[in-house]
Structures are given as C-alpha cells and as structure tokens.
Amino acid sequence: MSALTESVLGRRLVVVSGKGGTGKSTLSAALALGAARRGRRTLVCEVAARERVSELFGRPPSGTKIREILPNLSSVHIRPREALREYALMTLKYETLYKIAFENAAARYFLAAAPSLSEIVMLGKVWWHAAQEMERGRNRWDLVILDAPATGHGITFLTVPSVFLGLVNEGPLARDMRGMQELLADPARCSVCIATLPEEMPANEAIELDRALRKHGFPPGPVFLNACFDSRFSAAEVAAVTRGGPLLLAAGESADNHQSRAVLTAYYEKVLREAVPRDLFKVPFLFERTGFGPSSVEKIAASIGALP
Amino acid sequence: MNLSDVVRGRQVICCVGSGGVGKTTTSAAIALQAASEGKRTLVMTIDPARRLANSLGLKELGNEETRIDPQLLAAAGIGASARMSAMMLDLKHSWDELVKEQARTPEQAQRILDNRIYKSLSTAMAGSLEYIAMEKVYEVHASGRFDVVVLDTPPTSNALDFLHAADRILDVLDNNAFKILLAPMMKAGKFTMRLLAAPSGIVLKTLARFTGAAFLRDLSDFMLAFEGMYEGFKDRAGKVRALLKSQKAAFVLVTSPNPLTIQEALFFHRALLDDGIRTAAVVVNRVQRDPRRLGGPDNLAALREALVLAQIKDQDGLADRLCQTLTEQSSLADVDRREVARLRRELSGIPLFQVPRLRKDVHDLAGLWQIDGFLASGDGGE
C-alpha cells in the first residue's frame, strides 16, 4: 500500500481542508475516485454554498439528496436549512412537532442565535453518514470525504463540536456532537488533509492551518500541493533564450514564466516540507482549455497515486 | 479611465469577492494609490491569516491603526508625504468595545460580556464578522481621522452573509416573537422551565429537547441583559447601511480569471444589485499575458530555425520544450481571455481592470505599487 492509501483512503472520514481556491473540491473528487475504484463505497459531502464535485464528473448537481455519480461513488450537497430539518425530524420523530417548534418566527430567531447551529447540523449529518448510517447490517459508507469550508471557517467548522459541548452538555445534539468529536480525534478512523498552492499566502496559511489542526488534535493527513510546475529549463537556457533576439521573444517569455513558477513550486515545497510534519503530495498544474472535467480528476488521482 | 478616477471622491471602498483572488493585495494597492495622492488612508483587513501584514511588510497588526513607516513608502518610490495606515480587525475586541460603548451602565456591559450567548455571537455567529467590520468602518469614517478607508472584506463565500449581516444580528438582539414566548420569564426576571405556559411552552420545551434547557436559559439571560440597548444598535446599523449605500462608498469586485471565482463574483454583483448597490469597478487579478503578442515563431520547425539564428544549441530537446511551453502558456492566455470577455459581457458598463499574473508573489510595497501601475493603465474595454 502506498502512503496515501494507508493514511487516507483506508479511513472512515477524510476531511479536505485549505484556503479557498486551493483545489479542495478537485482533490476531494480525485480521492473519492481512487477509493471508489478500490471498491470502497464512498460518499463526498460538500458544505460550501455551491456544490462542485458532481460537475467535475460531468454530472448534474446532486442537491441535498445523495446521488450516485459512478459505481461506489456518490455525492451530496449539505445545506444548513435542509440538514436542520432532517436532523430535527430524526430527533423529534413527529413532523407536526417539528413544524410547531421550528417553523415559526421565534424558532428562526433561536436558530440564528444558537451557537453555530448551521455548522452543527451539517457536521451532524456528515457524522451520521460516516458513523451511523447502516445498510444490510453494515455501515452504508466505507469512506466519507468532507470537502471542508475555506481555512478560516474550516477550523471553526471542525471545532464546532467542542465549542458546542462547552455550552451545552445535554440533549440529543450534545450526544451526537460528542460522537463527532470522538470520530474527529480518532487517527484510526479519521484523517484531516490540507490542500495548498505553491504561493506565498496559501503556503503560509497551510502552515498556520497545520498548527491549528494539530493543536486541536485532529489526526494529521497529508498536504497536497496543487498546481505544481515541474522544472523544465536550466537558468542558463532561460537566459540564453530570453536574450535570443526578436524571434525568440515569445518563447523566451514563456520559458521564463514557466521556470519562475517551477522555482516557486520548488521553494514552497521545501518550505512546507520543513514547516509541516506531514506527508506531502505534489499535484501537477493541468492545462485544461475547456475547464476541469472527469479527465482532469482522473489525472490528479493518478498523480497522487490514488488509483489502484 | 483608471481605477483611481473611478473611486475618486469615495471615502469608503469595500473590496469584495471570494477567497484566494488577491483581495487583500488589491485593497492594499488601492489604499496605497489613494495615499500617494495625498489622502490620509487606512486599509482594514479582517482576515485572521495576517495576509495584509505580509503584504505591507509589517510584523504585527493589531486592532490599532498602524502608520506605515514613511521611509518604507519612500524606499518603494512612493512620495514621502503619503500617509497610509493599516489595521487588522480583532473581532472579539471590537464587539466588546461596541457593547461597552452602547451599554447604559458598566454593570450592564459586564453582564453581557459574561454571557455565553454573547460570546458565541461575537466570535462564531454567521455574519458577526461582517457586521463588526462594517461597524468599524463606519466608526473610523465618522471619526474623520482618514480621508479614505479601504475595507478588505472577509473571505466569505456567501455574499448574503455580508449584505444581510446587520439584519441578522439585529434580529438576534431583538426578536419580538421570541420575546413573546419568553415574556413570562422576562417579567419574572429570570428563566425557569416551570414558568413555561402553553402554548409557548411546547415550542420552548421542544427546542430545549434539541439543545438542552441551559441554552434557553442563557438566551433569555442574554435578552434580559440586552434590554434598552437595542435602539442604539439599530440606529447605528441604520447609519452603517446608509453610508454603504451612499455615494461616499464604492464596492470593488475582485476576482481571478478562474471560471469558479468569476461565477462567484457575478453572484456577488447580483446580490449587491438586489440591495440597490451598484458595483463601482471590477478588478481581475492574475491574468495570464499572451506570449504570442510578442510575435515570432510558434511551431517546432520555426523555433528550431530561430535557435540556429540566435546561435543557441538545440540541446536536450530545447526546441521541443520551448514549443510545448509556448503552447501551454498560450492556452492559459486563451482561457483567461475567454473568461475575462465573459465577465465583461455580464458586467457591461462597469469599468474592468486587469492585473497580469506577475513572476513573483506580491508581498511588499514595491509590488503593490507595481499593481497600482496596472490599475492606472485604464480599462482596456474591448
């Protein structure tokens, strides 16, 4: 088994965290594809305002109902309102009771004031899929991948159970949050990965995120360094071509651009390897003229060794 | 027309857009430009990742306005008379200050500050970051200490969180429906489950089953503690809103040419419009420059010839590598051009400024000043 299959694909819950725009959704899709191809029944949970994973596979949006995208691979878009309703119904059992209690002006107020209730119910749903949902006497999902919100919100999101338990320690929500907290702290079942880019701010934020995640005791998964450029030219070649006269201006600028990004890639790879005590996987930059699609996900999955 | 013409005369400039598009850098560049024009300028960031601190070469930013060393400005080629300050908003601290200022007595303030609901409201609730940021912008603006305040908004993926933050917070501070439910307890001055009378009882008891009764107790304590302060908050929120909707404020939409961030930028634009706010300008960061604008050969045979003419040895497949790189970089430029064109169509009539992808990350004043050069080079309107 490769490092990746060992530390990520074999878990029950994998959280992909990172700053916005670092390729979390594509990475979630690639990990899911790898796991599904290995025969693991995999569910991707998206909690952002807009879902992306089904689209990456060239499929229509899944919406708030679980939809199968490929054999062994399903996705679901978790939204606070629907999650709350589903969750409350599960707890309260009676629709009428739910309506009386939740669908009134006072409850709207209550829901707005309750500490991070949206996050709680969304996380509660993720936990339910990962740990509770059964089918034919076994867990319905072998692996649940959570495409977490962007960094700032990401860590807040994962610490919601402990924040909530600090406020409330009775009732069904508290019980479930305790379950989630245990799952999120269990290195045998959970792995929290970081997606980042070979750029100053994303790299710094990945370092901060790593520290915060470890401080809170979330089992450290790998760092995925996305959009990497390989070194293609020597410095001497770039210098020669850029000074090569009018016919080579375009070629020279291209080579210089490429190589400067390769230098940044190497630099931030080094910085991250030194500062972050986790495995690091490099994901190549993809030149996709028509946007990211199923073949891009396939390439990314292959590049990190996720495919069997 | 350049960006500083577009925002000239505006005293509050809000840079909005999704995370990772260079919003902080753009905010700082806009502030630097205003400062270079002799305006007393403040750039405010609320991003906990200290990006602005990095961008400005500052070691630390607190909730205090920190003047940027004029020598640093001069060293970067910006007039030494420029007065620019920066600050990073400390969310909790700002909330506490607001409560202390609005409370009628120090005891009332303390009672609120100690309440657990208040603690979560001020640190974790959706929209609370946005609310306090706008509140702070208003306060700084009203103080008259600065001619221009540039706000780098939180990297929220949800425009609505931003625009409706005030309504949401105000609703929490004063909700009539809940007050009616809690009326018996409010009269008694404290919360007990025994006082719950039908029909409000069933609602509260059901909610309590969900979260536990302690939470409801905290909530009613919070509302009791807050009594009499609501009007002040509401008045203030109204003023903030009026400022943002006035001609004194400008919203600058920041994006990258990535289709997903463009989608989010358009979503933000429409949400602003629904609120009666017109986007003043769009800044597209990191646009790939097209190498083909420089002319020259772009196929393998011609590149080989060009290498011969330039007396460069075609070793280790240099021509092949150059050809592949040229093709890749051209395709990046094509994709970006297509996306920028789409954005321009969708936002026709709104000035759009492009900042090319630079060879290095921008994290110093000289880099910001270079960006100002691009923002001043005008809307290339196609």
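For the reader, a short list of remarks on this structure follows.
- Any chance B:Arg338 is surrounded by fewer than 21 Cβ atoms within 10 Å (Cβ to Cβ) and part of a helix (DSSP H, G or I): yes
- Screening A:Arg85, A:Arg40, A:Arg50, A:Arg59 for residues that are part of a loop (DSSP other than H, G, I, E, B), farther than 25 Å from A:Gly291 by Cα and either charged (D, E, K, R) or in contact with a Pro (Cβ under 9 Å, 6 or more places away or on another chain) (or both) leaves exactly one candidate, A:Arg40.
- Among residues of the stretch A:191-206 being modelled with pLDDT of 80 or more and in contact with a Lys or Arg (Cβ under 6 Å, 6 or more places away or on another chain), the one that is nearest to B:Leu216 (Cα to Cα) is A:Ser191.
- B:Val21 satisfies every condition listed in (1) at pLDDT 80 or above; (2) more than 13 Å from the chain's Cα centre (by Cα); (3) of a type in the set (A, V, I, L, M) except (2).
- Residues in the stretch B:341-382 that are within 29 Å of A:Thr290 (Cβ to Cβ), hydrophobic (A, V, I, L, M, F, W, C) and part of a loop (DSSP other than H, G, I, E, B): B:Leu347, B:Ile350, B:Leu358.
- For the stretch A:132-140, the criterion of a residue being more than 13 Å from chain B (Cβ to nearest Cβ), out of contact with any strand residue (DSSP E or B) (no Cβ under 6 Å at 6 or more places or on another chain) and open to solvent by less than 30 Å² (accessible area, probe 1.4 Å) is satisfied by at least one position.
- Considering (1) more than 12 Å from chain B (Cβ to nearest Cβ); (2) farther than 30 Å from A:Asn204 by Cβ, the lone condition that A:Val16 does not fulfil carries the number (2).
- Filtering the stretch B:45-76 to residues that are open to solvent by 50 Å² or more (accessible area, probe 1.4 Å), at pLDDT 80 or above and either closer than 21 Å to B:Val7 by Cβ or part of a loop (DSSP other than H, G, I, E, B) (or both) leaves B:Glu65, B:Asp69.
- Leading residue by the ranking (modelled with the lowest pLDDT) among those in the stretch A:247-261 that are within 7 Å of chain B (Cβ to nearest Cβ) and in contact with a Gly (Cβ under 7 Å, 6 or more places away or on another chain): A:Leu247
- A:Arg50 out of contact with any helix residue (DSSP H, G or I) (no Cβ under 6 Å at 6 or more places or on another chain), farther than 27 Å from A:Thr156 by Cα, surrounded by fewer than 23 Cβ atoms within 10 Å (Cβ to Cβ) and basic (Lys, Arg): no
- Restricting attention to the stretch B:209-252, the residues that are part of a loop (DSSP other than H, G, I, E, B) and either β-branched (Val, Ile, Thr) or within 13 Å of chain A (Cβ to nearest Cβ) (or both) add up to 1.
- Top-ranked residue of the stretch A:164-173 - restricted to ones that are modelled with pLDDT of 75 or more and surrounded by 19 or more Cβ atoms within 10 Å (Cβ to Cβ), ranked as nearest to the other protein chains (Cβ to nearest Cβ): A:Leu173
- Scanning the stretch B:347-358 for residues that are more than 19 Å from B:Gly20 (Cβ to Cβ) and either within 14 Å of chain A (Cβ to nearest Cβ) or within 19 Å of the chain's Cα centre (by Cα) (or both) gives a single hit, B:Leu352.
- B:Thr255 touching a residue at least 24 places away in the same chain (Cβ under 8 Å), within 14 Å of chain A (Cβ to nearest Cβ) and open to solvent by less than 60 Å² (accessible area, probe 1.4 Å): yes
- Of the helices (runs of 4 or more DSSP H) entirely within the stretch A:165-256, none holds at least 3 residues that are aromatic (Phe, Trp, Tyr) and without any contact (Cβ under 8 Å) to a residue 24 or more places away in the chain.
- Output for the stretch A:286-308, where each listed residue is within 14 Å of chain B (Cβ to nearest Cβ) and either over 19 Å from the mean Cα position of the chain (by Cα) or not small (Gly, Ala, Ser) (or both): A:Leu286, A:Phe287, A:Glu288, A:Arg289, A:Thr290, A:Gly291, A:Phe292
- On the stretch given as the stretch B:304-318, residues that are part of a helix (DSSP H, G or I), within 9 Å of chain A (Cβ to nearest Cβ) and open to solvent by less than 40 Å² (accessible area, probe 1.4 Å) total 3.
- Meets criteria (closer than 30 Å to A:Arg12 by Cβ and buried (at least 18 other Cβ atoms within 10 Å of the Cβ)) for A:Phe233: no
- Among the residues of the stretch B:35-44, the ones that are in contact (Cβ under 8 Å) with a residue 40 or more places away in the chain and open to solvent by 10 Å² or more (accessible area, probe 1.4 Å) come to 4 in all.
- Selection of first residues in the stretch B:279-303 that are away from chain A (no Cβ under 11 Å) and within 16 Å of B:Asn258 (Cα to Cα) and of second residues that are part of a strand (DSSP E or B) and open to solvent by 30 Å² or more (accessible area, probe 1.4 Å), restricted to Cβ pairs under 7 Å at least 6 apart or on distinct chains, gives the following pairs, ordered by first then second residue: B:Val284/B:Gln354; B:Val287/B:Gln354.
- Across the stretch B:9-24, the number of residues qualifying as touching a helix residue (DSSP H, G or I) at 6+ places or on another chain (Cβ under 9 Å) and away from every other protein chain (no Cβ under 14 Å) comes to 5.
- Criterion applied to B:Leu243, B:Leu332 was being open to solvent by 10 Å² or more (accessible area, probe 1.4 Å) and touching a His at 6+ places or on another chain (Cβ under 8 Å), and the one residue passing it is B:Leu243.
The values are calculated or read from the model by the stated rules, or taken from the named source; none is laboratory data. Source: prediction; values computed, not measured. Note that we place each Cβ from the backbone using ideal geometry, even for glycine, and neighbour counts take in every protein chain shown. The area values use the complete protein model at the heavy-atom level, side chains included, leaving out ligands, DNA and RNA. Shrake-Rupley method; radii C 1.70, N 1.55, O 1.52, S 1.80 Å.
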